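Everything on this sheet refers to the single structure shown next.
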């Protein structure tokens, strides 16, 4: 939304808002479980490493496994933040409105990516600037 522009009210019906609120909540819980599982796995790996002798080539593998696990946990945390932000927009009554152009975000896009904060056009422009592929 541009500076000074009035906040748009979500164009979604009450049924659509309820549907998407459930979807957002489910996805948030799923990401939280995934991250907790990864953290538990990392702790288990660290414990096992301390309990037994290591071969000379295992430290590189172990370090690589930790890097992958850390990257996946960071991605889950970012997705959790995006989902929580979408739930906050829903509570504020502005969910489903593009944060860049204040146009409605299509229900199909929200169903595919409920944490979306930009319409498909603005997302495509943003990703083009970053050299990324466009939205679903």
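Structure notes:
- Computed E for residue 84/residue 17 - FRET, C-beta separation, R0 22 angstrom, nearest 0.05: 0.85
- Backbone N atoms of the stretch 117-132 closer than 15 Å to the 7 Å Cα→Cβ label point of residue 75 are not found in any residue.
FYI, it's all coordinate maths here, none of it is from the lab. Being a predicted model, the structure only gives us computed values, none of them experimental. Cβ sites come from the backbone with ideal geometry, for glycine too, and all protein chains shown count toward neighbours.
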